[in-house]
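Taking it in order: structure first as structure tokens, then the write-up.
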Amino acid sequence: MNIRRLILDVGKGLNRPSLLELSEAISSVKGVEGVNISVTEIDMETMGTNITIEGANMNFEEIVKRIDATGAVVHSVDEIAVGSRLVENIRRYQ
């Protein structure tokens, strides 16, 4: 399956891994072309992040393995895009 985009909900410790360490671990996976990490919440000991990863033929299991190796945890897959091109989500208002 040609995974082109992943949006992951990832939790991490407040100080470790750093956002830089986390982005380096993800970007080292073959096929990853770009990583965007946004902080979504912070409490006394943990930080919630929303991670967008784009590329071609990305290995989902390897991405999760690299995130886990930093000490962070994938809580959920919030979006996945596969195929020969990216299709943007169009919001419908009801």
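The values are calculated or read from the model by the stated rules, or taken from the named source; none is laboratory data. On a predicted model such as this, the values are computed, not experimentally measured, just so you know. Quick reminder, even Gly has a Cβ in these numbers, built from the backbone with ideal geometry, and neighbours come from all protein chains shown.
Would you point out which residue out of Val39, Val73 is in contact with a strand residue (DSSP E or B) (Cβ under 8 Å, 6 or more places away or on another chain) and within 25 Å of Asn89 (Cβ to Cβ)? Even if it seems obvious, please write down each step before you answer.
Details: Val73 fails: within 25 Å of Asn89 (Cβ to Cβ).
Checking each option against the conditions leaves just Val39.
Among the numbered criteria (1) more than 12 Å from the chain's Cα centre (by Cα); (2) surrounded by fewer than 18 Cβ atoms within 10 Å (Cβ to Cβ); (3) part of a strand (DSSP E or B), which one does Lys12 miss?
So Lys12 meets the others, but not (2).
Taking only pairs six or more apart or across chains, which ones have beta-carbon atoms under 6 Å, a first residue in region 66-94 that is hydrophobic (A, V, I, L, M, F, W, C), and a second residue that is loosely packed, with under 12 Cβ neighbours inside 10 Å and in a loop (DSSP other than H, G, I, E, B)?
Val82/Met1
Out of everything in region 15-69 that is of a type outside the set (Ser, Thr, Tyr), part of a strand (DSSP E or B) and surrounded by fewer than 14 Cβ atoms within 10 Å (Cβ to Cβ), what residue ends up being nearest to the chain's Cα centre (by Cα)? Walk me through it before giving the result.
First pass over region 15-69, keeping only residues of a type outside the set (Ser, Thr, Tyr): 15-17, 19-22, 24-26, 29-37, 39, 41-45, 47-48, 50-51, 53-69.
With part of a strand (DSSP E or B) added as a condition, the list becomes 32-37, 39, 41-42, 47-48, 50-51, 53-55.
Now drop any that are not surrounded by fewer than 14 Cβ atoms within 10 Å (Cβ to Cβ), which leaves 33-34, 36, 39, 41-42.
Numbers: Glu33: 12, Gly34: 10, Asn36: 8, Val39: 12, Glu41: 16, Ile42: 18 Å.
My answer is Asn36.
I need every pair where a residue in region 40-65 that is closer than 15 Å to Ile80 by Cβ has its Cβ under 7 Å from the Cβ of a residue that is of a type in the set (Ser, Thr, Tyr) and surrounded by fewer than 17 Cβ atoms within 10 Å (Cβ to Cβ), sequence separation at least 6 or different chains.
Asn50/Ser38; Asn50/Thr40
Checking the conditions here, which among Asn2, Asn36, Asn15 is modelled with pLDDT under 95 and under 17 Å from Glu79 (Cβ atoms)?
Asn2 is the lone residue from the list that is modelled with pLDDT under 95 and under 17 Å from Glu79 (Cβ atoms).
Could you list, in sequence order, the residues of region 70-93 that are assigned to a loop (DSSP other than H, G, I, E, B) and surrounded by 12 or more Cβ atoms within 10 Å (Cβ to Cβ)? Steps first, please.
Filtering region 70-93 down to residues assigned to a loop (DSSP other than H, G, I, E, B) leaves 71-72, 83-93.
Gly71, Ala72, listed by residue number.
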